[in-house]
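Worksheet for the structure shown next.
The values are calculated or read from the model by the stated rules, or taken from the named source; none is laboratory data. Note that the coordinates shown come from a computational prediction; the quantities given were computed from them, not determined experimentally. As a convention, Cβ positions derive from the backbone with ideal geometry for all residues, glycine included, and neighbour counts pool all protein chains shown. The area values use the complete protein model at the heavy-atom level, side chains included, leaving out ligands, DNA and RNA. Shrake-Rupley method; radii C 1.70, N 1.55, O 1.52, S 1.80 Å.
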Amino acid sequence: MKTTALLTDIFKPNFNPSVASQTAWAILRVVVGIIMIHNGLDKLGNIESFSQAYVEVIGLPFPLFFSYLAAFTELLGAPLVAIGLFTRVASLGLFSTMCVAIYHHILVAGLNISYLELSLIYATCFLFLTINGAGLFSTDALIANWLDANSLSIQAKQIMRLEKSYQAASAEPVSSNQ
């Protein structure tokens, strides 16, 4: 029962029931997820070059390993974000990758907005999704509803049993002293 509650909390979105806001939320999630796939493919296209130009520059150890980690975080996390599955976990990984990119841009070009803007926009989107979840129009929401339905059905059965026992007790004839 506690595992179900934990899983429900992981998948349950923070939501505003407005259809317009949930639609915009889903569009944001799908667009940013699909476009981020391109970044992962780009890195894998020439991983050694990416490793030298970006990862070695900021001084991370094992630059090739971290280059592959960034590429696969983007290639695996971005589609998960797009379909809204494990959105918080995937978004946290993508947010972390964007923080490293922001650090790289600041190290190389200072606070030059033309270098920072795309990474900052991505980071902000992924931070939003990490905190708020995927929204109502997502696979996460479907899973949360399914998990809630299972836990609610157990509670509903207990309530029905209590109601039946109450009705049975109420139906017993009451002796009257007239």
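Once the C-beta distance of ILE121 and LEU6 is scaled by a Förster radius of 22 Å, the resulting FRET efficiency is 0.10 to the nearest 0.05. Computed from the C-beta positions of GLN52 and VAL30, the FRET efficiency with R₀ = 35 Å rounds to 0.60.
In the neighborhood of THR97, defined by Cβ-to-Cβ distances under 14 Å, what is the net charge if each Lys or Arg adds +1 and each Asp or Glu adds -1? Working shown, then result.
Numbers: positive: LYS43; negative: ASP42, GLU74.
Net charge around THR97: -1.
Near PHE11, once Lys and Arg are set to +1 and Asp and Glu to -1 for all other residues with Cβ below 10 Å from its Cβ, the sum equals -1. The Rg/Rh ratio for the stretch 20-137, using Cα coordinates for both the radius of gyration and the Kirkwood hydrodynamic radius, is 0.99. Each residue of the stretch 83-128 gets 56 Å³ once the volume of the Cα convex hull is shared out per residue. Solvent-accessible surface of the stretch 20-137, averaged per residue with a 1.4 angstrom probe and all protein chains in place: 52 square angstrom. Label positions at LEU142 and ALA109, each projected 7 Å from the Cα along the C-beta direction, are separated by 4.0 nm.
Working ranking of peptides 64-76, 90-102 by packing, defined as the average number of other Cβ atoms within 10 Å per residue, highest first, is 90-102, 64-76.
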